[in-house]
Amino acid sequence: MIGLIILCAVLYGSYKTNPDAASFRAFIRPPNSTSLTSSITNFFTDLLTPASTIPEFKRDDYIFFSIVTIADNTETYIGLCGQWFLLSKLQLAGGGKGASAVEENELQLLESIGEAEKNLAIKAKLKKDHTTAASHFNSAAEQFLQTGSALDAAQCYEEVYKSYQQSKHTEKALLALEKAASLYESHGRQMSRAANVYVKLAEQYKKDNSTSKDLGKAVAMYEKAAELYEIEGDGRHIFTVISQTDLLAEIGQYENAIKLYDKIILFAIDDSMLNFNVKTHIFNQLLCYAGLDDWVGLEKKTTEMEATYPMFAESRECQLIKTLIQAKNAFDSSAYSTACKDYDQRSTLPSWQINILLKGKRSLDSEDLR
């Protein structure tokens, strides 16, 4: 607590004593002597000397300190606590070198501020002051962004996410994590890392007990992760596509889900690690046809899948689908209900599949009434 008070006092003092442009003009052309005669002479000299003898300069105000760059980029000064100090002085052979060196000094200064903010964040984190830690990590990230260090900034934004999660600021946490993912992606060599973060975001957005639950965003995050994994040739690509597709089916985007299930099924049939789950993917895809109320397409696809994957033809899932198709074609609502009930007694269906089956039952009942 004492350290925080001291830090606040130092920052406030720096803010109040941040030197302005007028003080720099006085600094850049100080009097040559302190004697009375010299003072009188300097007074008349100032009146008779053109203002142009003071070089043109640019002052950048950073709240707690100022940076002044002479117009020809030969010198850079830092103003701190009411004083001006020479930061760099160059003899120019050409105009570009001075500008580059000045920029380099400013970047070094911003990097130092970023490191200082990061250290303050770590100290706050150790004290379990997560809100303060998040604030300092966020400030550090902003400084690193100005220096062009996207990787350092991304790592800080990940820390912002963790800190805000600890302090139950979920929306702020997810926003910081999205910034981290975007920066990792922009780095070029961090594609898989960016994909990992996008997967983490997707999992957060689909949590049932979260105030930030957003299945649409979760789908978008999975899609982004899958793209990056594919670019990197990472084997996690297909698993991410499966997560994305199952979620598309859950939120009712049946056409998109059907297209992706085609790719998943073809890949899984020839993959020893995924082959055991082919039946589930086929069943999910067929239910998407039912969700679209496309029973002609459903019958055609069922026949195709029986030929493509004979093990599916022997499954309870295939028998359920074929029975439902027969009941639908015969306008037999009772047979439809019995098939659903018998299957549900031995296998628990997720809510999105139950909703599709109920939709089919209601459609069949309305046809019976006509």
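All of the numbers you see were taken from the coordinates with simple rules; none came from a lab. Computed from a prediction, not measured in an experiment: that's the story for all the values here. All Cβ positions, glycine included, derive from the backbone under ideal geometry; neighbour counts span all protein chains shown.
For SER139, SER347, the sequence from fewest to most other C-beta atoms within 10 Å is SER347, SER139. Each peptide among 309-319, 208-218 gets the average number of other Cβ atoms lying within 10 Å of its residues, and from highest to lowest they stand as 309-319, 208-218.
The slack in the chain from LYS16 to ARG362, taken as 0.36 nm per residue of separation less the alpha-carbon distance, amounts to 117.2 nm. Taking label points 7 Å from Cα along the Cα-to-Cβ direction, LEU215 and THR338 give a separation of 3.2 nm. Return, ordered by residue number, the residues of segment 318-350 whose backbone nitrogen is under 16 Å from a label point located 7 Å along Cα→Cβ of LYS300. What the label zone holds, given the 16 Å backbone N cut-off, is no residue at all. Quick one: if the Förster radius is 22 Å, what FRET efficiency do PHE27 and ILE63 give, using the C-beta to C-beta distance and rounding to 0.05? Using R0 = 22 Å, I get an efficiency of 0.65.
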